[in-house]
1. Starting with the fewest neighbours, write out THR243, THR164 ranked by other beta-carbon atoms found within 10 Å of each beta-carbon.
2. Remind me, relative contact order of the range 30-91 in percent, using alpha carbon pairs under 8 angstrom and six or more residues apart?
3. Where nothing but the Cβ of Lys and Arg (+1) and of Asp and Glu (-1) is charged, how large is the charge dipole of the range 88-149 around its Cα centre, in debye to the nearest 20?
4. Does the range 6-144 classify as rounded, prolate or oblate by the C-alpha gyration tensor (a ≥ b ≥ c root eigenvalues; a/c under 1.5 gives rounded; else a/b over b/c gives prolate, otherwise oblate)?
5. With a ≥ b ≥ c taken as the square roots of the eigenvalues of the C-alpha gyration tensor of the range 129-235, please select rounded if a/c is under 1.5 and otherwise prolate if a/b is larger than b/c or oblate if it is not?
6. For GLU313, what residues show an amide H to amide H distance below 5 Å, using hydrogens built from the backbone and excluding near sequence neighbours?
7. Quick check on the chain: of the DSSP beta bridges with both residues there, what percent are antiparallel, nearest 5%?
8. If only Cα atoms are counted, what is the Rg of the chain, and what is its Dmax, in Å?
Amino acid sequence: MKISGFGMARNASKLYYPVKQSIASILPIVDEYVFALGKGDADDRTREELLSLNSDKLKIIDTVWDLEEFPNGTENPHQTDIAKEACTGDWLIHLQADEVLHEDDLDTIVKKCEQRLDDHRIEGFLLNYLHFYGDYNHYAHQHGWYQKEIRIIRNLPEIHSFWTAQSFRKIPDFDGKSYQKKEGTEKLTVESIDAMVYHYGWVRPPAVMQRKSKSLETIHRGEATANQMYADRALQYDYGDMTQMSRFQGTHPAVMKEWMEDFHWRDDLTFEKGYQPQRPLMKHEKMKYKLLGWVEQKLLGGKHLFPYHNWKEIKP
């Protein structure tokens, strides 16, 4: 059995993505790691970060992003597909540049891949998620934050990155562009693995978080719209009322130790119950979703109502 890892990014270092840590977290269990590196700004050091891994497993594919040809967020799945199509493994593990695996889960993942190698009903695996928010001691559990996602897929040509690269689907006779067309696509048949993705996408210095948010809006809505949306906003992202977040009691992946030592924005976070952020409210901050979250946490043991799922799950 052969396992490939793959990912993509542009300006990852500049926008405070722990991309080196993300790749390092799965290097012990992959035979190769393919990374589609978009041409970034002159002050970005993502290539240097990748090369500092000193791994002969790493293969970098240089790309140039075209947001006119791939608008509305579709450049993300396009770039993901570029990396995916260069993989040669039986199973492919995809991590986004702010996602990290814990070393304690690696054996579990490998064993499950071995067990299901010849079970072709299984086209992929679901992993659980922890969404850290604001700092490394708190995570978002509220309604609207997805609890699982497909992060391991079988190496089949009809499987493609889907929507804005959050997930995967089978897309027969794919035209190379219609990443957000559901008609004619098929959800993957998957099985859950008792392993966790540590998602650090919402842990950044507030000024960098604001730049990252604007960058994502540019990818999804275009530069003009992003500029208009952020024209009157503060230069620093407002994380809102941190007392709404759950306290993390576990251990972080070992590869994150040095990265987390750079936490220097503690005084920019607000632990004041009822505080209203100086920006448009996120879903979990709106009353409707607060009520749903209360029901889920207090009455349903954390199980989400109407959960997101882009898959067909087989129970073992």
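1. Numbers: THR243 12, THR164 18.
The most exposed by this proxy come first: THR243, THR164.
2. Details: 49 pairs, mean separation 29.5, N = 62.
Reported as a whole number, the value is 48 percent.
3. Details: 5 positive and 13 negative charges, 51 e Å.
So the magnitude is around 240 debye.
4. On the way: a/c = 1.44, a/b = 1.23, b/c = 1.17.
Rounded is the answer for the range 6-144, as its axis ratio a/c remains below 1.5.
5. In terms of gyration-tensor shape, oblate.
6. VAL190
7. Values: 20 of 48 bridges.
Just about 40 percent of them are antiparallel.
8. Looking at the chain, its Cα Rg and Dmax stand at 19.2, 56 Å.
Bear in mind these aren't lab numbers, they're just calculated from the coordinates by the rules spelled out. In this text, all values refer to a predicted model and were calculated from it rather than measured experimentally. Every residue, glycine among them, receives a Cβ derived from its backbone with ideal geometry; neighbour counts consider all protein chains shown.
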